Amino acid sequence: MAITEDAPSGATERDLTPPPGEPPGREGHEGRKLSSPLILTMTLLLAVLAQSPIRGALGTPLMQSWMTVFVAVTVQALPFLVLGVLLSAAIAVFVPPSFFARALPSRPALAVPVAGLAGAVLPGCECASVPVAGALVRRGVTPAAALAFLLSAPAINPIVLTATAVAFPRNPEMVLARFLASLLVACAMGWLWQRLGRTDWLRPPAHGAHEGATRAEAFWNSVRHDTMHAGGFLVLGAMAAATLKAVAPATWLRTAADNPLVSVLALAVLAVLLSICSEADAFVAASLTQFSLTAKLVFLVVGPMIDLKLFAMQAGTFGRTFALRFAPATFALAITGAVVTGTVLL
């Protein structure tokens with residue numbers, strides 16, 4: 001092989017040719033790349049230089065009020081979130097989906113309420129209920145029953161009901177109201193799908209989320225994913241609740257809270273936008289002290305059934321055609337069921 005004219009002594013074309021996939025001149029640019037440690041160091045340096053204005057901003061009454069609400073909501077909800085994630089991962093990995101198929105009645109009309117009630121004994125958040133429902137459909141369970149389970153499990157399981165009781169110690173009727181309203185809506189949606197749903201609207205998942213991994217790997221992957229996913233939404237929800245509490249003028253909140261229709265619609269939309277995990281949403285609802293118990297119940301029923309992350313998960317699991325029809329119907333029925341239940345019990 002010939003030696004190039006400008007090459008150093010002993011270097012060949014092969015020596016000077018960059019490896020496949022490596023851009024020319026890589027050595028010259030490597031030193032200019034920003035690494036994660038460098039970015040962290042620069043961020044810490046900026047924080048040290050700006051500590052005086054930061055300390056001054058955090059010392060204002062507005063920020064102190066914001067921090068109080070944010071920390072209170074986060075600290076109260078975090079233990080329930082962690083416990084729910086651990087149990088949800090254990091169920092998703094160690095309980096075979098065939099168990100649910102054998103436990104449900106063969107008649108769809110009876111399988112719907114049984115599947116809805118099954119959510120009361122299976123702890124887990126909405127992040128876990130979607131893949132479990134997908135596994136049920138994949139193994140031949142009638143879609144109406146699988147969808148009833150999908151909606152009820154995040155809303156009426158023991159951890160969620162316990163968290164609701166802790167968040168509303170002076171209103172124990174909220175626990176019963178949440179249980180009944182959520183179960184009613186889940187069964188109604190199941191029966192509605194059984195009567196009006198079409199098979200071409202539903203695209204069953206081709207495989208499970210944990211197939212191909214060992215049980216230990218699947219468990220810790222599920223724990224890691226759900227903790228980061230649900231924990232992030234918990235922080236966002238706590239920040240939104242604290243901001244609403246500290247920044248929004250009291251007259252605005254009183255005006256919205258004093259109008260029953262506006263308060264119900266406002267908290268229903270807020271539940272969709274915040275996308276808080278069901279193990280933590282009761283503490284956010286309890287912090288909205290200006291609103292009625294019925295409006296808070298709407299928040300607690302709508303959130304675990306349809307929010308932004310759930311819509312994305314449902315579209316990814318069952319198809320966009322399904323999600324575009326299922327989500328609006330669930331939203332309307334959840335509001336109606338919560339208002340009716342709240343009017344009777346609260």
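Here Ala280, Ala271 are screened, and the one residue that is open to solvent by less than 10 Å² (accessible area, probe 1.4 Å), under 18 Å from Phe331 (Cα atoms) and under 14 Å from the mean Cα position of the chain (by Cα) is Ala271. Return the residues of the stretch 316-346 that are among the polar types (S, T, N, Q) and open to solvent by less than 70 Å² (accessible area, probe 1.4 Å); say none if nothing qualifies. Answer for the stretch 316-346, where residues must be among the polar types (S, T, N, Q) and open to solvent by less than 70 Å² (accessible area, probe 1.4 Å): Thr317, Thr321, Thr330, Thr341. Is at least one residue of the stretch 275-290 within 20 Å of Ala163 (Cβ to Cβ), outside any helix (DSSP H, G or I) and β-branched (Val, Ile, Thr)? Checked against the condition, which is being within 20 Å of Ala163 (Cβ to Cβ), outside any helix (DSSP H, G or I) and β-branched (Val, Ile, Thr), the stretch 275-290 yields at least one hit. Within the stretch 38-49, residues that are modelled with pLDDT under 70 reach partners that are assigned to a helix (DSSP H, G or I) with beta carbons closer than 9 Å, at six or more positions or on different chains, in the pairs Ala47/Ile54. Taking the criterion of being touching a Lys or Arg at 6+ places or on another chain (Cβ under 8 Å) and open to solvent by less than 20 Å² (accessible area, probe 1.4 Å), the residues of the stretch 288-311 that qualify are Leu288, Leu297, Leu300, Val301. Scanning the stretch 150-169 for residues that are modelled with pLDDT of 90 or more and in contact with a Gly (Cβ under 6 Å, 6 or more places away or on another chain) returns Ser152, Ile156.
The values are calculated or read from the model by the stated rules, or taken from the named source; none is laboratory data. Everything quoted here is computed from the prediction, not taken from an experiment. Virtual Cβ from ideal backbone geometry, glycine too; neighbours counted across all protein chains shown. To get the accessible areas, we keep the full protein, side chains included, count just its heavy atoms, and leave off ligands, DNA and RNA. Shrake-Rupley method; radii C 1.70, N 1.55, O 1.52, S 1.80 Å.
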